[in-house]
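Take a look at the structure below.
The values are calculated or read from the model by the stated rules, or taken from the named source; none is laboratory data. Values in this document were obtained by computation on a predicted structure and should not be read as measured data. Here the Cβ positions follow ideal geometry from the backbone for every residue, glycine too, while neighbour counts run over all protein chains shown. Accessible surface areas use protein heavy atoms only, side chains included; no ligands, DNA or RNA. Shrake-Rupley method; radii C 1.70, N 1.55, O 1.52, S 1.80 Å.
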Amino acid sequence: MAGCPGSAIKSRLESNLCWWEVFAMNISIYIRTLFFCVGAALSVLPALSQQPPMVAPDPQVAAAMHQVSAEHIRATIEKLVSFQTRSTLSAQDTDSVAAGHGIGAAREWIKSQFEAYSRDCGGCLAVKTDAFTQSPAERIPTPTQIVNVYAILTASDQESANRIVLVSGHYDSRNSDVLDTSGAAPGANDDASGVAVSLECARVLSKLKFPATIIFLTVAGEEQGLNGSSHFAKMAKSEGWEIEAALNNDIVGGDRSPQQDSTVVRVFSEGLPASATAAERGLIRNLGGESDSSSRQLARYVAEVGRTYATPAKPLLVFRLDRYGRGGDHSSFNQQGYAAVRFTEFRENFDHQHQNLRTENGIEFGDLPKFVNYDYVADVARLNLATLASLASAPAPPANVRIALKKPENASTLTWESSPGGRADGYELLWRITTSPDWEHVQALGNVTQYTSPLSKDNEIFAIRSVDKAGHRSLAVVPSPQQ
């Protein structure tokens, strides 16, 4: 072994190999072993490690999105502003309604729009009101009539008719003084924009049929304390309505300020459910389920719809109930145990919100139509419309989803009951690591009601969703532990 350095090392001399040759051989062995192990693992996990495929758009939904009109939305917002004020405390008497002034006139006009859409579709919409007298409270000095106006698009499948998806906006407005009953309160962005979304979805979707029921809602009393939405949600709960999703649109006008991002709409969702009992909250904390409420699953569904239909207004999921320290009508539905989220523009301009009309130091205050980006409102309406249509087309979510905890094991066994209504053709397993905000993986399971994953429930969060023959997917359901 002439020229072999390190020849004094006995083991190398005995092997008649140079030290670098031994090193190279060892490295080669390590690499071959590593590739063998990785290859074996990949051969077992090809179906388990795919990123979620892009869900194929429904042509009917895509076509409906194109029917959304920024001009219709502009006309709606300008008409609502024309009532001068829509304060919940403003005029509702016959003369004021006839004169087109106050919240009573606004209410009657909204009702007339729903009725016109119903005539156009041969009576497909049931137009209703939910009226009540609100007792005096901090922002309601005297007993006040509050009226919610809504339209129900009848389901085409009687087995699915009890399933309800809902879109809402509040039609009341305010200025700097929440008790001002007569001063100008145009409320173009807050929240004529949200009402315009609800009305536009009704106008377009009423031309179509869906297996589940869709409700187009407009509420009053929001500025006084979420009074209208609270009454409506309690009524729905007391009557046993199965509301799977409530989409609340509040301040979606895309205020034309320089810092605005017209490509984004924020979607807020509660983490720990407001309706959870103390025992349920304890279990959620124990299992690390703080980010897996039904409202959080609804928010993730909105995000998937945004990707599927490439909506111009991209959903930005914000994992808190609402803007910091503030509230909205979706929380009324959360209080009753319903999944509900809030849509709001990326950046609010507080000079144009809850302000008396005036100009100070060159700054114009007030919630006027000229500050609204109507194309942006139309984009938000398209996202809402696609979400409503996708949910109303999908089968019901699987029932009683459970994950086995009978014994310690790394594998994870999930069981569930078939989707009610018989429209599911199969089911999918979703999962993500515990620190991920959105689902990362999906696996088609077929038409089964049990599946054992080799992945550990210690490291992953799982969910099951229903899929029909056309590829419509339900909301995901995270399993509860089964002892």
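Looking at region 353-436, which GluC sites (Glu not before Pro) are in a loop (DSSP not H, G, I, E or B) and have at most 12 other Cβ atoms within 10 Å?
Values: sites: Glu360, Glu364, Glu409, Glu417, Glu428; in loops: Glu409.
Sparse-neighbourhood loop GluC sites (Glu not before Pro): Glu409.
Using Cα atoms only, what is the angle between the long axis of helix 227-238 and the major principal axis of the chain, expressed in degrees (0 to 90) to the nearest 10?
For helix 227-238, the angle is close to 60 degrees.
In Å, what is the Rg of the alpha-carbon atoms in the chain, and how long is Dmax?
28.0, 114
Tell me, Kirkwood radius of region 360-442 from alpha-carbon pair distances, in Å?
Values: mean 1/r = 0.0557 Å⁻¹.
Computed over region 360-442, the radius equals 18.0 Å.
Once the Cα gyration tensor of region 220-334 is diagonalised, what are the square roots of 5 times its eigenvalues, in whole Å and ordered largest first, as equivalent ellipsoid semi-axes?
The three semi-axes for region 220-334 are 25, 20, 14 Å.
Taking the alpha-carbon centroid of each part, what is the distance from region 249-302 to region 344-412 in angstrom?
Spelled out, the Cα-based centre of one part sits 9 Å from the other.
Given a cut-off of 22 Å, name the pairs among Lys128/Lys209; Lys314/Lys457; Lys79/Lys111 whose C-alpha atoms lie farther apart than that in the structure shown.
Numbers: Lys128/Lys209 20 Å; Lys314/Lys457 31 Å; Lys79/Lys111 13 Å.
Among Lys128/Lys209; Lys314/Lys457; Lys79/Lys111, the Cα-Cα distance tops 22 Å for Lys314/Lys457.
So if we plug the beta-carbon distance of Arg119 and Ser238 into 1/(1 + (r/R0)^6) with R0 = 35 Å, what FRET efficiency do we get, rounded to 0.05? Intermediate results must be reported in sequence, preceding the final value.
Numbers: r = 31 Å, r/R0 = 0.89.
That gives a FRET efficiency of 0.65.
How tilted is helix 103-120 with respect to the longest principal axis of the chain? Cα atoms for both, answer in degrees (0 to 90, nearest 10).
70 degrees
Please compute, over every Cα-Cα pair in region 116-174, the percentage with a separation greater than 18 angstrom. Each step should come with its number before you reach the end.
Details: 935 of 1711 pairs.
Result for the distance tail: 55 percent.
For the chain, build the charge dipole from Cβ charges (+1 Lys, Arg; -1 Asp, Glu) around the Cα centre, then report which of Ser82, Gly123, Ala278 sits farthest towards its positive end.
Ala278
Please compute the per residue accessible area over the chain with all protein chains in place, 1.4 Å probe, rounded to a whole number of Å². Walk me through the numbers before you get to the answer.
Working: 21030 Å² over 483 residues.
Solvent-accessible surface per residue comes out at 44 Å².
Calculate the FRET efficiency for Ser275 and Glu138 from the Cβ-Cβ distance with a Förster distance of 25 Å, rounded to the nearest 0.05. Write out the running numbers ahead of the final one.
Details: r = 24 Å, r/R0 = 0.96.
Here the calculated transfer efficiency is 0.55.
Are there any GluC sites (Glu not before Pro) in region 206-267 that are in a DSSP loop and have at most 11 other Cβ atoms within 10 Å? List them by number. Let's see the in-between values first.
Working: sites: Glu222, Glu223, Glu239, Glu242, Glu244; in loops: Glu239.
In loop regions of region 206-267 (DSSP not H, G, I, E or B), the sparsely surrounded GluC sites (Glu not before Pro) are Glu239.
Report in % the part of the accessible area of the chain that belongs to carbon and sulfur, leaving out ligands and nucleic acids; probe 1.4 Å.
Working: 11250 of 21030 Å².
The value for the chain is 53 percent carbon and sulfur by accessible area.
Toward the positive end of the charge dipole of region 52-208, about the Cα centre and with charges on Cβ (Lys, Arg +1; Asp, Glu -1), which of Pro57, Gly169, Val195 goes farthest?
Pro57
Nearest 10 degrees is fine. How inclined is helix 19-44 to the longest principal axis of the chain, computing both from alpha carbons?
Taking Cα atoms only, the helix is inclined about 40 degrees.
Hey, what's the Cα Rg ratio for region 91-136 versus the globular rule of thumb, 2.2 N^0.38 Å? Write down the numbers at each step before the final one.
Working: Rg = 12.9 Å, N = 46, 2.2 N^0.38 = 9.4 Å.
Ratio of Cα Rg to 2.2 N^0.38 Å: 1.37.
Based on the Kirkwood radius over alpha-carbon pairs, what value in µm²/s does the Stokes-Einstein equation return for the translational diffusion coefficient of region 345-483 at 20 °C and 1.002 mPa s? Write out the running numbers ahead of the final one.
Values: Rh = 18.3 Å.
Translational D for this selection: 117 µm²/s.
Note down the nm distance, to one decimal, between modelled labels 7 Å out along Cα→Cβ at Thr129 and at Leu316.
3.9 nm
Calculate, in nm to one decimal, what Asp180 and Thr452 gain on full extension: separation in residues at 0.36 nm each, minus their alpha carbon distance. Spell out each step's value before the answer.
Working: separation 272, 0.36 × 272 = 97.92 nm, distance 6.13 nm.
Net length gain for the segment: 91.8 nm.
Can you give the % of DSSP beta bridges in the chain that are antiparallel, to the nearest 5?
On the way: 46 of 72 bridges.
Of the beta bridges lying entirely in the chain, close to 65 percent run antiparallel.
Could you pull the Cα extents of region 45-163 along its three principal axes, largest to smallest, in whole Å?
67, 35, 31
What Rg and what Dmax come out for region 340-397 when only alpha-carbon atoms are used, in angstroms?
Cα-based Rg and Dmax for region 340-397 come out at 16.9, 56 Å.
Evaluate 2.2 N^0.38 Å with N set to the residue count of region 169-271, then give the Cα radius of gyration divided by it. Intermediate values should be presented prior to the final figure.
Working: Rg = 15.6 Å, N = 103, 2.2 N^0.38 = 12.8 Å.
Compactness ratio reported: 1.22.
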